[in-house]
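The values are calculated or read from the model by the stated rules, or taken from the named source; none is laboratory data. Computed from a predicted structure; not experimentally measured. Cβ coordinates were reconstructed from backbone atoms using ideal geometry, including for glycine residues, and neighbour counts include every protein chain displayed. Heads up: the accessible areas ignore ligands, DNA and RNA and are worked out on the full protein's heavy atoms, side chains in. Shrake-Rupley method; radii C 1.70, N 1.55, O 1.52, S 1.80 Å.
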Amino acid sequence: MPRRCTVCAHLQRQDIDELLVSGTPYRSVAKRFGLSESAVYRHKTEHLPAHLSKAKEAEEAARADDLLDQVRHLQTHALDILERAEKSGDLRTALAAISQARGNLELLGKLAGQLDERPVVNLNISPQWLELRAVIVGALESHPAAHTAVLRALESVGNG
Ligand SMILES: [Zn+2]
């Protein structure tokens, strides 16, 4: 029957692991925490690698989350620019913003790992919708009244 590891069960396990990782001899670690040398040695060779890989996974997940946040932030900016460009009739900038937004969407999808699993259901961030919207709005440039009416209608759809 395997014995319970006194190091794993230790309240300061994280500190102990850190010391071992930074190269502190297991003998001094054992002394410092009032543990047996054999327990610290066994922990270092048998349990520490698993703890480390778990810590690394958590760190990578956190980094992916951070990246996701950054892309979301970029996407908000791109959509904001798109909206302003549309309002001022700057179609060049609108198109650039659309292509930026589409790139962000692809990246978001990849990062979230759901590009193939789930279709984008939010109409406001669908690239097809953004493209269509720019085409519609662009086509009405020379008809100010219709342009305004359509923009207003599109906005109410977007908010609903
Ligand atoms: Zn252990």
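For the pair Ala50 and Val135, label points projected 7 Å from Cα toward Cβ lie 5.7 nm apart. Peptides 147-155, 49-57 ranked from most to least packed by the mean count of surrounding Cβ atoms within 10 Å: 147-155, 49-57. A simple spin-label model places the labels of Ala96 and Leu67 2.7 nm from each other, with each point 7 Å out along Cα-to-Cβ. Counting each DSSP H run of 4 or more residues in the chain as -39500 (n - 2.57), what helix-only mean residue ellipticity at 222 nm follows after dividing by all residues, to the nearest 500 deg cm²/dmol? Value at 222 nm, helices only: -23500 deg cm²/dmol. If R0 is taken as 35 Å, the Cβ-Cβ distance between Ser22 and Glu106 corresponds to a FRET efficiency of 0.30. Each peptide among 58-65, 136-143, 37-44, 71-78 gets the average number of other Cβ atoms lying within 10 Å of its residues, and from highest to lowest they stand as 37-44, 71-78, 136-143, 58-65.
Roll a 1.4 Å probe over the protein chains and send me the accessible area per residue for the chain in Å².
Result: 69 Å² per residue.
GNM on the chain, alpha-carbon springs under 10 angstrom: the most fluctuating residue among Leu107, Leu19, Leu48 is Leu19.
Ignoring ligands, DNA and RNA, please state the percent of accessible area on the chain from carbon and sulfur, probe 1.4 Å.
Of the solvent-accessible surface of the chain, carbon and sulfur hold 56 percent.
Expressed per residue, the C-alpha convex hull volume of region 6-100 stands at 115 Å³.
Paramagnetic label reach from Ser36 (point 7 Å along Cα→Cβ; backbone nitrogen cut-off under 13 Å): within region 7-25, residues 7.
Find out how many positive minus negative residues lie around Lys56, taking Lys and Arg as positive, Asp and Glu as negative, among other residues whose Cβ is under 13 Å from that of Lys56.
-2
With the convex hull drawn over the C-alpha atoms of the chain, the volume per residue is 168 Å³.
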